[in-house]
Every structure is written in C-alpha cells, then in structure tokens.
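Worksheet for the structure shown next.
The values are calculated or read from the model by the stated rules, or taken from the named source; none is laboratory data. In this text, all values refer to a predicted model and were calculated from it rather than measured experimentally. Cβ sites come from the backbone with ideal geometry, for glycine too, and all protein chains shown count toward neighbours.
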Amino acid sequence: MPTVATEPPCRAALEAPGRNVANGPRRLAAWLLLLVAGLPGKAKAAGGPEDYLTWVKPLLQSRCYACHGSLKQKGGLRLDTVELMLRGGDSGAAVVRGKAEESPILERVSAGDPSERMPPEHEGEPLTPDQVATLRSWIRAGAPAPAAEKAEADPRDHWAFRPIVRPSVPRVRRAGWADNPIDAFVARRHEELGLEANPEASRAELLRRLSIDLIGLPPTPEEIAAFQGDRSPGWYERAADRLLGDPRHGERWARHWMDIWRYSDWWGLGDQLRNSQKHIWHWRDWIVESLNADRSYAEMVRLMLAADELRPDDLGALRATGYLARNYFLFNRNQWMDETVEHVGKGFLGLTLNCAKCHDHKYDPIAQVDYYRMRAIFEPYHVRVDVVPGEPDLGRDGIPRAYDGLLDAPTYRFLRGEENRPDKSAPVGPAIPAMLAFAPLKPVPIDLPATAWQPERRGWVADAHRGAALAKIAGAERGLAAARAKLAAAGQGPARVEIEREMRAADSLLAAARAERDGVDRRAEAMRADSAEARRRAALAEREQAAARARADLAEAELRLHPAAAGEKDAALKAVASAKEALGKAEKAARDPGEAYTRLVGAQWVPTRFSDSNKDDPTVAFPARSTGRRTALAGWITDRRNPLTARVAANHIWARHFGTPLVATVFDFGRKGSPPSHPELLDWLAAELVESGWSMKHLHRLIVGSATYRLSSSASSASAEDAAVAKDPDNAQLWRRTPTRLESQVVRDSILALAGTLDPAMGGPPVPTADQAASTRRSLYFFHSNNERNPFLTTFDEALVKECYRREQSIVPQQALALTNSRLVLDASRPIASRLGARLAAIGGPTDDRAFVRLAFVTLLGAEPTEAEEAAMVRSLGEWARLPDAGQGGDAGAGARADLVWVLLNHNDFVTLR
C-alpha cells in the first residue's frame, strides 16, 4: 500500500477509547489499601487516625467484619468502629487503649491454637505476623480514631436491596431537556455542578451511532443521504423505529445478551463433548427471535430457567433452556452446579452468590447455607436432546434442553466449600437468600404431559423416523435401478455374474429399507394403541427389520468376498460366516417375536461421567413429574417486588448504549460493588422497564431518543471543554458522548457490509472454525467456544465464554496489524471503493476525487472530513494514481481509491463509535 502524501490530522487522539477509568483515582486508592492490608509485608507503624483509616480499618474490614460488623455480631461484638471495639461484646472490651497485651482482639488474632484463633479456620487464613504487628502498634498508640466515625450501615438498607420506587422526574431549567425523563435526571446533575452539556452530534454521527447501536452495522450511503435530507418532524424517531423493527436488531442485541448469559458452542478434548452442548445454536436463534418480537425480559428469564416446566411440549420455547444446557459439564457435577448458581446470581441478580460457597458472604447478607439452598433449586436438573421435526438423527440436529431427572437428589453443604467434606447430617432444601425473601420460595411439583416424558409419542417423531426410512427406500431404489441398467448392458459376458451379485445386494438393501419403514409404522401404532396385539405387531416388525438388515449385510459381505485379493480372502470368508450367523439369529428371533419392542427415539439423555471418567453413568430417565423448583425461582426473580432484576437489566442495556454502565460493577450490586453514578435515573429506568411489561424495545426507544444519547463526543468550544474536563474529567456526569471502541463482531461485519458481501441469512448451525476465513456470514454465527475462537475477533476483545459481563476495550498493536494486513480488509477495499463510486454516479452529482473523499469519510467514519483531511486525501489520490504500479489489476484511479478506503478502514474513527 502507498504512503499517504500528507498525513491527515489525528482526530481527537485523546478521545480514543480505552479501559473505563471512571472513579479511577478513588477506586485505585481503595484497592491499594485493601491490597496492602491483605498481603504480607513490612509492619506499619500505625500511630494516628490517618494510619487507622489507611492500615487498620481496611484490615479489619477484609478479615473481621463478616462476623463482627453489620452483617452479624458473633458474641455480641462489632469491630466496625473504635467506639464499638471499646464497648466490646459478651466477653467485654475487644481493645484496651494503650495496652496491646491486655486487648483480647490481639490475643485472639495471634493465638497459636487454631480453635482459638481469629478469624476461625473455616473463614480463611490467619493474619500474617506483619498484620498482627500493625494492629499491636495501633493499640499501643492508644487506638486513635477519627472523630464521629460511623458504623457500617444496615446491609438491608443497601441501595440495591431497597424496593424499586419510581422517583419523581426532576424539574430542570435547560430548554428541551425535560421532555425525556432521562435527560431531566442528567440535566439536574449538570445544573448542580455547573456543567454545560455538548451540543447535539451531526446527523451523520447520529445515524452511524443509531445504526451500529441498534443493528450492529453502519448505515449505507443511501440511508445517510435520506437521513440528512429528511427535514420533516419526527425524522430522528422514524429512523430509530425503523432500526428497532429491523430483523438485524435481534442479531445485534442477541450478541450482547449472549455475552452476559455465557453462550458457548460445545468444547472438550478432541471430539469429546465436555462442556455445553452440540446444537446449542437453537438457543442463540431463540434469543434473536425473542428480541425481534420484543418478548418481555421477564418472560425470557422465565423460559430460560424453566421452559421445560412452563411449556413442556413447545419445542420453540424449550430452546430457551439452552441457558441451562450450556452449563453442562461431563465429569464433575459440583462444577456444573457451582457455575449455574454463580451465573444465575451474577447475570440476573447482580449478586456474587459464589462468594458464599465456602463461608458466609463477607460483604452481603448471604449465609453459606443460602448458597446451597440456591444450589438445591437446580440439583435435580440434567440435560437431554429432543428430536426436531424432519430429523431423527440426534447427531445431526436436536434441541438441547434441561429437565428434572433426579427428583430426590439431596443437596449437602460442603464444609469450607470442599467437595470431599459434605455435611450429610442435614440435607439442604431449596430456598432463596433470607434477606431477599419478600416472598418465600414455594415450589409446586408439576405433572408433565405424557409427550414430555415420553417424547417418542410426539407426532413429528414418528414422521421424522418414517421420513428417514423413506429416504433410504428412495436411495435403495435408485441403486437397484442402476444395477438393473448395468445388468442389461452387460449381456451374457463374464461380468454378468458379478453384476447379478450387485443387484441382489441392492435388492436386499431395498428390502431392509422397506422393513425399516414398516417397523417405524408398527412401533408408532403400538405407542398410540398400547394393546397386546399392537405390541406383538411392533415386535414382529422390529424383528423382521433386523432380519432384513442381516440379509442385506450378508449380501454385501458376499459381494466383497468374490473380488477380494488372495491375502484378503480369509478375512472376507470370516465376514460372510459372521453375517450368516447373525442372519440365523435374526430369523429365529422373528419366528418368536414376543411383545417387547424398542420405542422410537424422541429424545436422549446427555451422558455424564461423574462416577467414572472412563464410562457413562447410568441413564437418567425422564420422570413424569418435575419438581417445580426452577419455575418458582423464575417467578421470584421476575417478581416486580424483586429489587435487583430490573436494576441489573436496565444497567446492562444502558451500558451497551453509552459504553459505560450506571453501576460499574455490572455483576455485583452488593456492598462490595460500586454505587450507581445516577441512582435515581437507574431506579427510574428499572421502574419503567417493569411498568412497560419488561419491554426492552421500549427502553431502547427511550434511551436513543434522549438528548443525552444524542450529544456530540467533542466540546463545542475549547473553553467549554476545559471547564467540563476540570469539573468532570471522566465524564461521569454525561456532559458529552464518551467514544467507545466497536466490538469485535461489529468491526468485521461492518467491513463486509460496506463491501456488499455480508450474507444476510439468519439462524442455523454455526460456521465451523475451518470455514470462517472464507465465510461472509455475520460473526454472530461463527462457532465460538472456549477452545475455538476466531483469531480476528479475538484480536478485538472477543467475548470470553466462561464469563463476560462487560467487554474489554483494549488497545494493542495487533489490532492495527489486523486492519492493515488481514485478508478481510485487503479484499474488501476495492469492492467498497467501487460501491462508493457507483453511488456517486447514481446521484448524478460530482464524481471527482473530492466528492469521493467526502462520501468515503461520511460512509466509513460517520463524519465529514475537515478541510485539511480532504485536501490531504485528494492530494494522495493523485499521487497514488501516478505510482509505477498503480495500474496493476485495472484502472489506476480505481486502485488509488481502493487504497484510500484501506487507509480509512485503518483510521481510529472506523473502529470507534462517537
């Protein structure tokens, strides 16, 4: 590629997206304090209130508050203020000022006997000698404390655990910022802090922002022109509604939720299925379809957790339980259960329930037993794969789904979380954490329809098996016809004998296929009638099918015998003898078939190897009843009284529109997490989500319609920018649009879309890893697992399948190299340039280099070029066209324009959403 003649000015280099640094200094300081307090190191000479806050209090908070803070007060003792330490508990004061050796707290943390030492053995490691020395130094100095030190707040009063109450929309002075409630909440902060918000972004920027946000693809030149030329009222709203109604909206937002819900294709060792499920793509397609249909968020959660109980015979709905089928793990049931509890907590509730596996949660009011109560809800479930219409072979297709297979499986609390130390003296029943028990969990067992636990009774199952048999008949008939034609052409020559053998083999294959069809019909009839006579007919048909198959095997063995080479004759003779023996047994069974027959396969349990890694466990049957535990949990999670669910969902939706969430710790709304930057706005959004019937499209429409969303990413003037940066350098108060890096899928898909080569086909099995380099399908449809991740997508921070509640936004050299050298970009440059040229010709205006530069900038970067950029690009096009090799592969001017496109694809703004 040629060098640009004059380097274009770098567009807002300091605005390049990187890792979120909101509240950076404060959070970094807090992290460092905890790090220093928690790691061995040199003892600190704690001699004043500042030292207490710096060294002592973080130490006590991280190691002692779980048992002696606001969560609980063992022995009546609290240690979250110095006053409470001096007051003490049931055994008296914990600290005696100036007298370290007389202070019980020091005695207990330095005790040599593990039964006496604090924290207790089951709560973690003892304090290090340096930590004990720091504590001793502070007590000897008189246990100084800051004035009016406040105790920890009641955990039940934590903002995330309070009921969601829709706050009143504030009144603001700024004109036009009270129409959308979102803007009113944001503008009030601006007025309080004296911040002046940016003006609205340009129309080109707005359409690119909307298009990429809502469908994951850049707008076409035609869409940009129509958007810029629409001067009638409601122009912006019409564009938003068009994109929300576009089927590609479901594809775009499915990928967001698939990150959070840990979508993954199967992976293992080689071809061994160890994690997730084959055909899990059915769950992905259900997510896309649900989002396009604006299925309520609550209904999606309910179906993902319990569609097998709520809609047991609806294959379309059963796809949703791929959420649980994905958690499958071949070897270790405990890992399977642990991940299920952890990510149900993080994904739907914003709670780190996993922190309570080994001991009571150190920050939130979640007891260790609460963790196992949550596990008990999921203890019975297993995974099976159901036959889909038209395909009886579960190896080729099927619906992976959850079901309750072990109804009486007990749940035990593990001592210190160790799997080999279950407390079998007290099985744990299903329940939710006590502090969130606004309504008790009351599972009601569910009697399932017969077709759910006897899936072979479903009408389409017999049809699928019969269809497969008919396909075999058709194939066998073609083979027999070919053999007959070959025989007719052979005349009476020596080859006739061999061809006659071929015809007999083809005839036997046809007979076997017909017998298979008859067997399917008879077995289907027996399942419907369930009479002795029907069972006998089914058994006879199955035995006759086996005999027909044995005759076909014998015919094929004899066919292979005659042309066998001398060294292979013995093996061929043994094969014939074995086939004759098998035929004899099959014919004998057909003479006395009895009533037992093999039912058609309607579903298969997915094997586990919990007991022995070398063989499958005993099959887990399909019970006629389900426990109803997951239905009860789903109802509790989506109950409008649940204070967490709507807040967590609204925060995720906001984050993916603005790049920065309202609550930075998106999976931890507990007391260790970050407080919301705009708590009233978050609660208003959560309440609005619930009141709208949990409509996500309603929330999208509100957000993208706000003035806050439409702000420019650059300040209107240098002085305004300087003033805002000084007051709010991290843009926590949303006075401007924060530029964000495009996700990996959007980068790749945008290049293909601009080149006109993106395949619009939706749904279906994933594109295998080996085929991805040549594929033009959306990146959403690439096979994606822990073991197999597309290299280009991974370079741009592809989602991890084990946990990805928020994408990374790294800036590394490999990204620039990928855009510079990848086949994807190099192959797309010329088609993009050609399409841009065709657009110029179609609109009938100027088609010179200057017009091309302007159209290329707007189309690829979403902004008009500056005068300097335009001049540099035009000059470069002229110089490139005159290079010695410019004409290679076609017109020199076309080649130069392709080079310009390549340059713009490597521009920072191409991978940045402003």
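For the range 666-692, a residue qualifies if it is among the small types (Gly, Ala, Ser) and either without any contact (Cβ under 8 Å) to a residue 60 or more places away in the chain or assigned to a loop (DSSP other than H, G, I, E, B) (or both), and the qualifying residues are 670, 673, 674, 677, 692.
Filtered by the rule that a residue be of a type in the set (D, E, K, R) and modelled with pLDDT of 95 or more, the range 251-273 gives 251, 252, 255, 259, 262, 265. Scanning the range 378-405 for residues that are over 27 Å from the mean Cα position of the chain (by Cα), surrounded by fewer than 16 Cβ atoms within 10 Å (Cβ to Cβ) and not acidic (Asp, Glu) yields a count of 2.
Identify all residues within the range 759-774 that are more than 20 Å from residue 290 (Cα to Cα) and either buried (at least 17 other Cβ atoms within 10 Å of the Cβ) or touching a Leu at 6+ places or on another chain (Cβ under 6 Å) (or both); write none if there are none.
We begin by selecting, within the range 759-774, every residue more than 20 Å from residue 290 (Cα to Cα); these are 759, 767-774.
The answer is 767, 769, 772.
Would you be able to tell me the number of residues in the range 301-322 that are under 15 Å from the mean Cα position of the chain (by Cα) and either small (Gly, Ala, Ser) or not assigned by TED's automatic domain parsing to the domain that holds residue 450 (or both)? Residues meeting the conditions: 2. For the range 434-461, which residues satisfy the criterion of being out of contact with any Phe, Trp or Tyr (no Cβ under 7 Å at 6 or more places or on another chain), part of a loop (DSSP other than H, G, I, E, B), touching a residue at least 40 places away in the same chain (Cβ under 8 Å) and within 30 Å of residue 361 (Cα to Cα)? Listed by number, the residues that qualify are 438, 442, 443, 444. When each of 356, 376 is tested for being assigned by TED's automatic domain parsing to the domain that holds residue 627 and touching an Asp or Glu at 6+ places or on another chain (Cβ under 7 Å), the lone residue that passes is 356.
Please enumerate the residues belonging to the range 736-786 that are among the polar types (S, T, N, Q) and either under 18 Å from the mean Cα position of the chain (by Cα) or more than 22 Å from residue 283 (Cβ to Cβ) (or both). If the condition is that a residue be among the polar types (S, T, N, Q) and either under 18 Å from the mean Cα position of the chain (by Cα) or more than 22 Å from residue 283 (Cβ to Cβ) (or both), then 738, 740, 744, 745, 750, 757, 776, 779, 785, 786 are the ones that fit.
Applying the set (1) touching a Pro at 6+ places or on another chain (Cβ under 9 Å); (2) of a type in the set (Lys, Arg); (3) surrounded by fewer than 21 Cβ atoms within 10 Å (Cβ to Cβ) to residue 248 leaves exactly one unmet item: (3). For the range 848-865, a tally of residues being more than 26 Å from residue 217 (Cβ to Cβ) and in a loop (DSSP other than H, G, I, E, B) returns 1.
Name every residue in the range 66-80 that is in a loop (DSSP other than H, G, I, E, B) and either at pLDDT below 85 or out of contact with any helix residue (DSSP H, G or I) (no Cβ under 9 Å at 6 or more places or on another chain) (or both), in order of residue number.
To start, the set of residues in the range 66-80 that are in a loop (DSSP other than H, G, I, E, B) comprises 69-72, 77-80.
Within the range 66-80, 69, 70, 71, 72, 80 qualify.
When the residues of the range 798-827 are narrowed to those that are without any contact (Cβ under 8 Å) to a residue 60 or more places away in the chain and farther than 23 Å from residue 758 by Cα, which ends up surrounded by the most Cβ atoms within 10 Å (Cβ to Cβ)? Step by step, filter the range 798-827, then rank; the result is 800. Taking the numbered list (1) on the phi < 0 side of the Ramachandran plot; (2) of a type outside the set (Ser, Thr, Tyr); (3) surrounded by fewer than 19 Cβ atoms within 10 Å (Cβ to Cβ) in turn, residue 778 passes all entries but (3). Just a yes or no: is a residue in the range 490-502 over 30 Å from residue 621 (Cβ atoms), among the hydrophobic types (A, V, I, L, M, F, W, C) and either buried (at least 19 other Cβ atoms within 10 Å of the Cβ) or under 40 Å from the mean Cα position of the chain (by Cα) (or both)? Within the range 490-502, not a single residue is over 30 Å from residue 621 (Cβ atoms), among the hydrophobic types (A, V, I, L, M, F, W, C) and either buried (at least 19 other Cβ atoms within 10 Å of the Cβ) or under 40 Å from the mean Cα position of the chain (by Cα) (or both).
Entry remark, the range 89-121: residues being part of a loop (DSSP other than H, G, I, E, B), closer than 22 Å to residue 360 by Cα and out of contact with any Lys or Arg (no Cβ under 8 Å at 6 or more places or on another chain) number 4 in total.
Going by what's in this entry, would residue 342 be described as within 27 Å of residue 444 (Cα to Cα), buried (at least 20 other Cβ atoms within 10 Å of the Cβ) and free of Cβ contacts under 8 Å to residues at least 24 places away in the same chain? So that I can check it myself, show each step before the final result.
On the way: within 27 Å of residue 444 (Cα to Cα): yes; buried (at least 20 other Cβ atoms within 10 Å of the Cβ): yes; free of Cβ contacts under 8 Å to residues at least 24 places away in the same chain: yes.
Yes: the conditions hold for residue 342.
Exactly one residue out of 627, 660 is assigned by TED's automatic domain parsing to the domain that holds residue 298 and either over 30 Å from residue 604 (Cα atoms) or buried (at least 20 other Cβ atoms within 10 Å of the Cβ) (or both), and it is 627. Whether any residue in the range 671-679 is more than 22 Å from the chain's Cα centre (by Cα), buried (at least 19 other Cβ atoms within 10 Å of the Cβ), within 20 Å of residue 159 (Cβ to Cβ) and of a type in the set (Lys, Arg) is what I want to check. Yes, the range 671-679 contains at least one residue that is more than 22 Å from the chain's Cα centre (by Cα), buried (at least 19 other Cβ atoms within 10 Å of the Cβ), within 20 Å of residue 159 (Cβ to Cβ) and of a type in the set (Lys, Arg). Here residue 145 fits the description: modelled with pLDDT of 85 or more and buried (at least 17 other Cβ atoms within 10 Å of the Cβ).
Please state which one of 538, 471, 464, 513 is within 45 Å of the chain's Cα centre (by Cα), under 28 Å from residue 315 (Cα atoms) and touching a residue at least 12 places away in the same chain (Cβ under 8 Å). Within the list 538, 471, 464, 513, the selection yields 464. In the range 597-627, the residue that is nearest to residue 469 (Cα to Cα) out of those that are among the polar types (S, T, N, Q) and at pLDDT 90 or above is 604.
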